[in-house]
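In what follows, a single structure is set out as structure tokens and then discussed.
The values are calculated or read from the model by the stated rules, or taken from the named source; none is laboratory data. For clarity, every value in this text was computed on a predicted model and none was experimentally measured. Heads up, the Cβs are rebuilt from the backbone with ideal geometry, glycines too, and the neighbour counts pull from every protein chain shown.
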Amino acid sequence: MIAVLIDDDPFTNEYHSILLKDIYPEISVYSYENALNVISDIKSSLLPKANLILTDKNMPFMNGWEFISKLEKLIQSQTWNPTVCLISDHLDSEDYKRIQTLKRPIHMSLKSQEAPYLNLIK
């Protein structure tokens, strides 16, 4: 089982990594502070195909929505179907509208919630 964590705050990545490893001891966790690097590593096959991708909504260089858009294009022609969760300190009505326009299901979670993505891993 593989998880990719994308957040410009390394402490948030560490928090999610600890939660995941506590419940799934066999999980491999790849942490990134920049979504551009994730896209680059996926394109160059340096990153294994993850079961779960957590991305922060608000990040420099490429925000979570931009990452999800690029990810959708990358995996369109593949059989890879990761669970993707957008996490943020604040989600508004525009976020909920935007999620309805995507081709694949994306989960959203507030950082203050007790990690509901833990039940989404396939």
* **Filter result (at pLDDT 90 or above, surrounded by 14 or more Cβ atoms within 10 Å (Cβ to Cβ) and not in a helix (DSSP H, G or I)) within region 10-49** => 24, 27, 28, 29, 30, 31, 32, 33, 34
* For residue 60, are the conditions met, namely being at pLDDT 90 or above, loosely packed, with under 15 Cβ neighbours inside 10 Å and not in a helix (DSSP H, G or I)? -> yes
* Asked: Can you name the condition, by its number, that residue 104 falls short on among (1) more than 17 Å from residue 47 (Cα to Cα); (2) in a loop (DSSP other than H, G, I, E, B); (3) at pLDDT 75 or above; (4) not aliphatic (A, V, I, L, M)?
  -> (3)
* Asked: Out of all the residues in region 48-82, which are under 21 Å from residue 18 (Cβ atoms), of a type in the set (A, V, I, L, M) and more than 12 Å from the chain's Cα centre (by Cα)?
  -> 59
* Asked: Quick one: what pairs do we get from region 31-42, first residue among the hydroxyl-bearing types (Ser, Thr, Tyr), second buried (at least 16 other Cβ atoms within 10 Å of the Cβ), C-beta under 6 Å, 6+ apart or different chains?
  -> 31/5; 31/13; 32/6; 32/38
